[in-house]
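The values are calculated or read from the model by the stated rules, or taken from the named source; none is laboratory data. Everything numeric here is computed off the predicted structure, so don't read it as measured data. Note that we place each Cβ from the backbone using ideal geometry, even for glycine, and neighbour counts take in every protein chain shown.
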Amino acid sequence: MNAPAYNFAYLDEQTKRMIRRAILKAIAIPGYQVPFASREMPMPQGWGTGGVQVTAAILGPNDVLKVIDQGSDDTTNAVSIRKFFVKTAGVKITTSTADATIVQTRHRIPELPLTEQQVLVFQVPIPEPLRFLEPRETETRQMHALEEYGLMHVKLYEDISRHGQISTSYAYPVKVDGRYVMDPSPTPKFDNPKMNDCAALQLFGAGREKRIYAIPPYTRVVSLDFEDHPFEPRWSSGTCALCAATDSFLDEIITDDRGGRMFVCSDTDHCEIRRAAAPHVPETVTPGGSEASNSLPLEGGGLGRGSTDSPPVPPATPSPTLPLSGGGSEASTSGVDSGFRPAAGPGMTGRR
Amino acid sequence: MYVAVKGGERAIENAHALLAAARRGDPAVPELGLDQISEQLALAVDRVMSEGSLYDRELAALAIKQARGDMIEAIFLVRAYRTTLPRFGASEAIDTAAMDIQRRISATFKDLPGGQVLGPTFDYTHRLLDHSLAGPAELAPLETAPADAAFPRLTEILAADGLIEPAPPDTGEPAGDLTRDPLTFPADRDLRLQNLARGDEGFLLALGYSTQRGYGRTHPFAGEIRFGEVEVELFAEEVGFAVPLGRIAVTECQSINQFKGTASEAPRFTRGYGLAFGHGERKAIAMALVDRALRARELGEEIKAPAQDEEFVLSHSDNLQSTGFVEHLKLPHYVDFQAELGLVRRLRADFTAAPPGDTDVAEAAE
């Protein structure tokens, strides 16, 4: 049996159109979960099939793709997804955040601020922020429709009454454009502020759960909190043992069985660029037993837009345009290198 | 001394090479042919076709070989392949009353038009390991006679007397397709049945069993189980009539279940329906039980058991979704775990600094 010839980026054009329609709707209603007819992809559901389908639908032949998992280009699943697109789409790949037009990610947002020329595609396991408060889809959809988010605030309040703080460290719920409460996927809350007013289009794909949602460029994204308990993206202050960064999210690596630890940047591209710029940073290994030194909150991390009284950001002006041309062959000649390059002009602005 | 976080790409390639070697096993042992799998592991092929929702024995056999006999992995391969296939349209409804019967039994009537046809079945075999099968086995000569009788469906015979609800009328509406439109709740019966037909045999078996043990009891009888080949036809616009595409083997189970009736409706029997590609009686019966349990809303029954809970059943029946998400725990979670680790350390530090009951915490909560 001959190997089947697959369409550009695996999915057939009809399926891509279906996904693009869902993406358009998602952009038009920021933070709203749009159901879509998720396909069975050749990798397991729960391993990024939502992100893969979104990427496949927006990918053009001139795109430059970066895939990260846990911030790193070289974790096994990121490698697997990157190879999938090399095989099925033959696009250029990169590990450099700056060079990429599309970044597909699992669990992190790159440290380098993204630009209008880029699209960030998140892999989402559970798109419903209310799921663990209410398991039923029929209920949660209604709660979103009625903007009934009291349950979420009660949960956060209970956290505070029990622990003195909100004990959610990742997948920290956000409110998008003042309307929908959204799950940012299991990124650490350290990354939440990067979503706010981000220049890049952010797309979220949940394959198993068959949902797509989006944050258009320059959209207000507020992490839920209380006036007297403002959101803190605080993160253990520490220093990357490789590049000496003090402001990036760090992975902890156990170096021996006597409590030895070292901390390194989770974003490997960020770390490599910094090391290239300042090559002789000595490695530092935290000696055993001193873990408390890494557990101090980052003081004055003042990204004060978490509080509910922050002034609203004016509505986004640039709106993304989508090429909805049919077959891949036509798209390839249209000169659109990023399927989703945002462009100024009329569009969905002021839709809501 | 830097811990290796690089090298994922080469590690994956090596792992795949190892997998290929493990799949082949001892090279001294002859390699399995797809025809051997298709002919001698026929029920495995049937299950892969059923849950893979693709009727192709050769592809299913290939999937089983490639998956080293892991059924869910094989189903996965078939489903992923299915994604790439173009869709021409929907066939006409198959007519199981016109089935070329290989097996047909009823547990509710001793005899019925067409009679009981046992066919190839494990039922009534003693489950004793047959050591003669360890080598090439001699086959006893078969004496077969063509079944020339008609096999009307038992449910239609009962329906003629009004003892059982009639088959739902054909509204002419196209049936829903959850592979083309995402499943939403509440889901109609067509989508529920499609979901169950693709659903994991083990999951449906356990759920069906749970209804028998009282969790959403429906008092079922296996009204009729039939297995055989049916014709598949497609209505061709160009010629204006349905043209045959070929034949497929299916197993159908129609269960007969009690219904107490309501103030406005006399008591009568109700139906559950199960259908599987190939020979899959366990799946078909379990599916019929679960289908009937899921009709609780429609029949005004109290919903209190898992098998009656549409969202619960339909959201968890697909073994690819289940296995994908359960096994994704193998993927790295360094970042979220690190975030949790930081939080727990902070909470523990807070705990040590200010034990519970401290007024600070109480005030913070107010």
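Things to note:
- Subset of segment A:211-254 (residues that are on the phi > 0 side of the Ramachandran plot and touching a helix residue (DSSP H, G or I) at 6+ places or on another chain (Cβ under 9 Å)): A:A244
- Candidates A:L133, A:L112 - the one that is surrounded by fewer than 23 Cβ atoms within 10 Å (Cβ to Cβ), under 28 Å from A:M152 (Cα atoms) and hydrophobic (A, V, I, L, M, F, W, C): A:L133
- Among the residues listed as B:E237, B:E298, B:E231, B:E224, the single one being over 23 Å from the mean Cα position of the chain (by Cα) and either on the phi < 0 side of the Ramachandran plot or surrounded by fewer than 17 Cβ atoms within 10 Å (Cβ to Cβ) (or both): B:E237
- Any hit, segment B:141-153, residues being within 30 Å of B:Q308 (Cβ to Cβ) and either surrounded by fewer than 10 Cβ atoms within 10 Å (Cβ to Cβ) or of a type in the set (V, I, T) (or both): no
- Unique match (being closer than 30 Å to A:T49 by Cβ, loosely packed, with under 13 Cβ neighbours inside 10 Å and among the charged types (D, E, K, R)) among B:R24, B:R82, B:R57: B:R24
- Of all residues in segment A:139-174 being β-branched (V, I, T) and within 9 Å of chain B (Cβ to nearest Cβ), the one that is surrounded by the fewest Cβ atoms within 10 Å (Cβ to Cβ): A:T168
- Whether a residue is under 17 Å from the mean Cα position of the chain (by Cα), among the acidic types (D, E) and surrounded by 20 or more Cβ atoms within 10 Å (Cβ to Cβ) was assessed, and A:D183 passes this test.
- Residue selected from segment A:162-180 under the condition charged (D, E, K, R) and at pLDDT 95 or above, by the criterion farthest from the chain's Cα centre (by Cα): A:R179
- If the condition is being loosely packed, with under 15 Cβ neighbours inside 10 Å and within 12 Å of chain B (Cβ to nearest Cβ), then segment A:227-258 contributes A:D228, A:I254, A:D256.
- Search result, residues across segment B:190-213 that are outside any helix (DSSP H, G or I) and in contact (Cβ under 8 Å) with a residue 24 or more places away in the chain: B:G199, B:D200
- Test: B:A15 is within 14 Å of another protein chain (Cβ to nearest Cβ), without any contact (Cβ under 8 Å) to a residue 12 or more places away in the chain and under 18 Å from the mean Cα position of the chain (by Cα): no
- Of all residues in segment A:219-254, those that are closer than 18 Å to A:S72 by Cβ and among the hydroxyl-bearing types (S, T, Y) total 1.
- Meets criteria (more than 26 Å from the chain's Cα centre (by Cα), surrounded by 11 or more Cβ atoms within 10 Å (Cβ to Cβ) and acidic (D, E)) for B:E31: no
Residue-wise test of (1) assigned to a helix (DSSP H, G or I); (2) under 24 Å from the mean Cα position of the chain (by Cα).
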site	(1), (2)
B:E9	yes, no
B:P27	no, no
B:I37	yes, yes
B:V48	yes, yes
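- Scan of segment B:137-189 for residues that are among the hydrophobic types (A, V, I, L, M, F, W, C), in contact with a Phe, Trp or Tyr (Cβ under 7 Å, 6 or more places away or on another chain) and in a loop (DSSP other than H, G, I, E, B), ordered by number: B:L163
- Among the conditions (1) in contact with a His (Cβ under 7 Å, 6 or more places away or on another chain); (2) at pLDDT 95 or above; (3) within 14 Å of chain A (Cβ to nearest Cβ), B:D318 misses just one, which is (1).
- Extreme residue, farthest from A:T49 (Cα to Cα), among residues of segment A:199-226 that are within 14 Å of another protein chain (Cβ to nearest Cβ) and outside any strand (DSSP E or B): A:D225
- Hits in segment B:183-199 (condition: in contact with a Ser or Thr (Cβ under 6 Å, 6 or more places away or on another chain) and over 24 Å from B:I75 (Cα atoms)): B:F185
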